1. Probe of 1.4 angstrom, ligands and nucleic acids ignored: what's the accessible area per residue over region 289-421, in square angstrom?
2. In this model, which of K2/K46; K2/K249; K164/K320; K145/K330; K145/K249; K119/K145 are farther than 25 Å apart at the alpha-carbon?
3. Per residue, what accessible area does region 1-140 have, given a 1.4 Å probe and all protein chains present, in Å²?
4. Assuming R0 = 35 Å, can you tell me the calculated FRET efficiency for the pair R422 and Q9, based on Cβ-Cβ distance, to the nearest 0.05?
5. Using alpha-carbon positions, what is the distance between the centroids of region 1-59 and region 107-131, in Å?
6. If packing is taken as the mean number of other Cβ atoms within 10 Å per residue, what is the order of 274-283, 17-26, highest first?
7. Estimate the FRET efficiency between N143 and K249 by the formula 1/(1 + (r/R0)^6), using the beta-carbon distance for r and 25 Å for R0, to the nearest 0.05.
8. Given the chain, what percent of its DSSP beta bridges are antiparallel, to the nearest 5?
Amino acid sequence: MKRETLCVQGGWKPKNGEPRVLPIVQSTTFKYDNSEEMAMLFDLKKEGYFYSRLQNPTNDVVAQKICALEGGVGAMLTSSGQAANFYAMLNICEAGAHIVASTDIYGGTFNLFNVTMRKMGIDCTFVNPDASEEELQKAFKSNTKAMFGETISNPGCRVLDIEKFARVAHHNGVPLIVDNTFATPINCRPFEWGADIVTHSTTKYMDGHATQVGGAIVDSGRFDWDAHSEKYPGLCEPDQSYHGLTYTKDFGKMGYMTKLVAQLMRDLGSIPAPQNSFLLNLGLETLHLRMPQHCKNAQAVAEFLHNDARVAWVRYSGLKDDAHYKLAQKYLPNGSCGVIAFGLKGGRDTAIRFMDSLKMINIVTHVADARSCVLHPASHTHRQLTDEQLREAGIAPDLMRLSVGIEAADDIIDDIKQALDRI
């Protein structure tokens, strides 16, 4: 099926007499007729449901839809995008490990890698995503376990050269993990460009209506863990908590995903509520319709900002003079997303006055839903960072993140005009 059909029909396949719409299985537990069946489930010798912390039918159907959209072999939903990135890394890292990550990533993820995971003994080297392969290579160490980047960075709106990152990662025998939240599989499928694992904050475009918080991890099934078994003992050596089974040997291409569910979700439990997955599925059904409208509107708004003398700079890969225009044409030929980064002449104080003057466009700690919204990262999501750290992360202190919704483009531009006039 094509992506448009998968958005609508993927995942849930009702049988004769079953509900047409995906049911919400709001149950913690599942009943079995005898003890032996339950024992086989706990030993991973049989598939089925027994406790919603590990698996839930509603959650699994939505995960299968996202998996199909990305072209993977398996997927798992999490309670947030942060949990998805954390689990994706922790599934293959332990104390003493090292990861390489792009500097141009969401502030929460930057802090996760730079602060929280360091406390767990997992080190991180941040690299400029525009650096050459030779420069990127210098960041790798003998204990490096993964490389990470965002298809379109939040909030910098820079496009990742996925093939370049994949080449460097694979040269060092590690997988490339790509956060595909902003592009969504409608506009880019990172597996087609060499990525091995994809993560999402499903809170954003996939939901599209700001009604639930969630995340997803999708595995391509292509990375050969056994070829680098010394790096990944958790996958390639016996797990004594499951009577010595080995994930790559016992589950093949599903080894990575099985360990995610059976070990990490078992022990840490960052599951989404079935109700949230139901709401996410409703959003996914229109994802293929909303993304083109977001891109169309954002292109019009970006061109308006680009031509207004009061605007100091605009970063949107759909503009022909944007530094990442060529990369966008390669990876995102049908459009990138609805998020624009820009700054006004006058700096940080002018940005704040501008945002306070908007009427229809709201200031919210969110991005990528049907309603247009704006945020000043230096004052809000990234306020813990110094100006120097902001610049290292590719975020100018005057940067505003404008998330263009699916309202009429003229109305969005009119609101921006009147706010500019008032300052």
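The values are calculated or read from the model by the stated rules, or taken from the named source; none is laboratory data. Just so you know, these numbers come straight off a predicted model, no measurement behind them. When we count neighbours, we look across all protein chains shown, and the Cβ atoms used for this are built from the backbone with ideal geometry, even at glycine. The protein model used for the area step is the full one, side chains on, heavy atoms only, and it has no ligands, DNA or RNA in it. Shrake-Rupley method; radii C 1.70, N 1.55, O 1.52, S 1.80 Å.
1. 43
2. Those over the limit are K2/K46; K2/K249; K145/K330.
3. Result: 49 Å² per residue.
4. 0.15
5. A separation of 35 Å, based on Cα centres.
6. Going by the mean number of other Cβ atoms within 10 Å, highest first, we get 274-283, 17-26.
7. 0.55
8. 55
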